[in-house]
Amino acid sequence: MSLPYVEGVLSPAEVAETAASIKAMQEPCGAIPWTPGEHVDIWNHVEAAMAPLVGGEVEAAEAAYAWVPTLQRPDGSWPMKIVAGEVDDPRGEVNMSAYFAVGLWHHWLVRNDIAFVQRYWPSVRAGLDWVVSQQLPFGGINWTPTEDGALLAGSSSIYQSLRAGVALADLLDDPQPEWELAGGRLGHAVREHRDLFLDKATYSMDWYYPVLGGAVRGEAGFELIESRWDHFVRPGLGILCVDTNPWVTGAETCELAMALDALGDHRRARQLLADMQHLRDGGKYWTGW
């Protein structure tokens, strides 16, 4: 494997160093917690597993994926929080339960290992079936069965997960037309009915996730990004996570960089990635500053 890099910002050796730092935090069962001793959630875990894969730590990434089905429940959902292998918050959360599809599609794009895809396809299929069952009449996805309402950032991420799921279904010749219908309704809701989602406007994620997840692109995507750029971006540092607090965070800054890159705004994407490197400490990154 050749390691990714961004000239003048992040070298292949630094990418490998970061992948190794994530592997070092991995629990023996394969789970990757937020930080050692803290909780695991499936969304963050899958996101973390993608990094070792592209950073050359293939065994660690695949151990992380092998752990995911062990916590899946008969209805296809996953618990919201796991601590030291035990369920800490049993609520099913739709974005977390959808995201395995993105991780598995990413693994296919990197490794082209069809046997790996076939092994975990039943888990992805059960998860997305459960997620689609939680869709609300206006198209958003109810964030958990125990509490009413759809989250804009979470639903935007689910849109990406459904697209990945449909791509996997096509790859395996196992059509899932209900996912395509649900994704179409969800994309329409994210584009045209953002006012019907729960109000989380203080979070920068609600601003850029419709672009990051792929539901909003083109001119509409640029207009959405421009609408709150000055509100959330702190030049030279990154972007705010929550506008009620004066700290920038690396994860949100990198996500916005990916959203910009998807729009073709490579200059600002690269600048944001460069700006957040002040959080780097060896191979690891501080959460924020």
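The values are calculated or read from the model by the stated rules, or taken from the named source; none is laboratory data. Predicted model, so just to flag it, every value in this text is computed and none were measured. Cβ coordinates were reconstructed from backbone atoms using ideal geometry, including for glycine residues, and neighbour counts include every protein chain displayed. To get the accessible areas, we keep the full protein, side chains included, count just its heavy atoms, and leave off ligands, DNA and RNA. Shrake-Rupley method; radii C 1.70, N 1.55, O 1.52, S 1.80 Å.
Provide the descending list of Cα extents for segment 144-283 along its principal axes, expressed in whole angstroms.
Cα spread of segment 144-283 along its principal axes, largest to smallest: 46, 33, 32 Å.
Quick one: Karplus J couplings for segment 44-58, per residue in order, coefficients 6.51, -1.76, 1.60, θ = phi - 60°, nearest Hz, x for Gly and Pro?
Each residue's phi maps through the Karplus curve to give 5, 4, 5, 4, 5, 5, 5, 5, x, 4, 6, x, x, 9, 5 Hz.
I'd like the accessible area for residue 193: 1.4 Å probe, protein heavy atoms, all chains in place, Å² to the nearest 10.
Result for residue 193: roughly 70 Å² accessible.
Just subtract the alpha-carbon distance of residue 219 and residue 174 from 0.36 nm times their residue separation and send over the number in nm, one decimal.
Gain on stretching residue 219 to residue 174: 12.8 nm.
Given a 1.4 Å probe, how much area per residue of segment 117-211 is accessible, in Å²?
Ligands and nucleic acids excluded, the result is 43 Å² per residue.
Rounded to the nearest 500 deg cm²/dmol, what is the calculated helix-only ellipticity per residue at 222 nm for the chain, with -39500 (n - 2.57) per DSSP H run of length n ≥ 4?
About -17000 deg cm²/dmol.
Mind grabbing the base-10 log of I(q)/I(0) for segment 35-105 at q = 0.23 Å⁻¹? Debye formula, identical points on the C-alpha positions, no solvent, two decimal places.
For segment 35-105 at q = 0.23 Å⁻¹, log10 I(q)/I(0) is -1.04.
In vacuo Debye scattering of segment 124-225, one point per C-alpha: log10 I(q)/I(0) at q = 0.14, 0.19, 0.22 Å⁻¹?
Log10 of I(q)/I(0), two decimals: -0.50, -0.88, -1.13.
Would you work out which of 132, 74, 109 lies farthest towards the positive end of the dipole of the chain, given +1 charges on the beta-carbon of Lys and Arg and -1 on that of Asp and Glu, about the Cα centre?
Projecting each Cα onto the dipole axis, the largest value belongs to 109.
Can you give the Rg and Dmax of segment 205-248 based on its C-alpha atoms, in angstrom?
11.0, 31
Order these peptides, 3-14, 159-170, 22-33, 82-93, by their mean beta-carbon neighbour count within 10 angstrom, highest first.
Peptide ranking by packing, descending: 159-170, 22-33, 82-93, 3-14.
Can you tell me the equivalent ellipsoid semi-axes for the chain? Use √(5λ) from the Cα gyration tensor, largest first, whole Å.
26, 25, 19
How high is the relative contact order of the chain, given as a whole-number percent (alpha carbon pairs under 8 Å, six or more residues apart)?
Taking the mean separation of contacting Cα pairs over the length of the chain, I get 13 percent.
If I model a spin label at residue 287 and residue 75 as a point 7 Å from the Cα along the Cα→Cβ vector, what separation in nanometres do I get?
Taking the two extended label points, one gets 2.9 nm.
I need the Kirkwood Rh of segment 62-189: take the reciprocal of the average 1/r across all distinct C-alpha pairs and report it in angstrom.
14.7
Residue 35: accessible area at probe 1.4 Å, nearest 10 Å²?
Per-residue accessible area (residue 35): approximately 50 Å².
Can you give the local net charge around residue 52? Use residues other than it whose beta-carbon is closer than 10 angstrom to its beta-carbon, Lys and Arg +1, Asp and Glu -1.
Around residue 52, the surrounding residues sum to -2.
Which residues' amide hydrogens lie under 5 Å from the amide hydrogen of residue 248, considering only partners 5 or more residues apart or on another chain, with H built in the peptide plane?
Placed amide hydrogens put 289 under 5 Å from residue 248.
Can you run phi through the Karplus equation (6.51, -1.76, 1.60; θ = phi - 60°) for segment 256-263 and list ³J(HN,Hα) in whole Hz, with x for Gly and Pro?
5, 4, 5, 4, 5, 4, 5, 7
In a Debye calculation with equal point scatterers on the alpha-carbon sites of segment 139-194 and no solvent, what is log10 I(q)/I(0) at q = 0.15, 0.20, 0.21 Å⁻¹?
Debye intensities relative to I(0), on a log10 scale: -0.43, -0.70, -0.76.
What size of dipole, in debye to the nearest 20, comes out for the chain about its Cα centre when the only charges are +1 on Lys and Arg C-beta atoms and -1 on Asp and Glu C-beta atoms?
Once rounded to the nearest 20, the dipole reads 260 debye.
In whole Å, what three semi-axes, largest first, describe the equivalent ellipsoid of segment 235-289 built from its Cα gyration tensor (square root of 5 times each eigenvalue)?
Output for segment 235-289: semi-axes of 18, 14, 9 Å.
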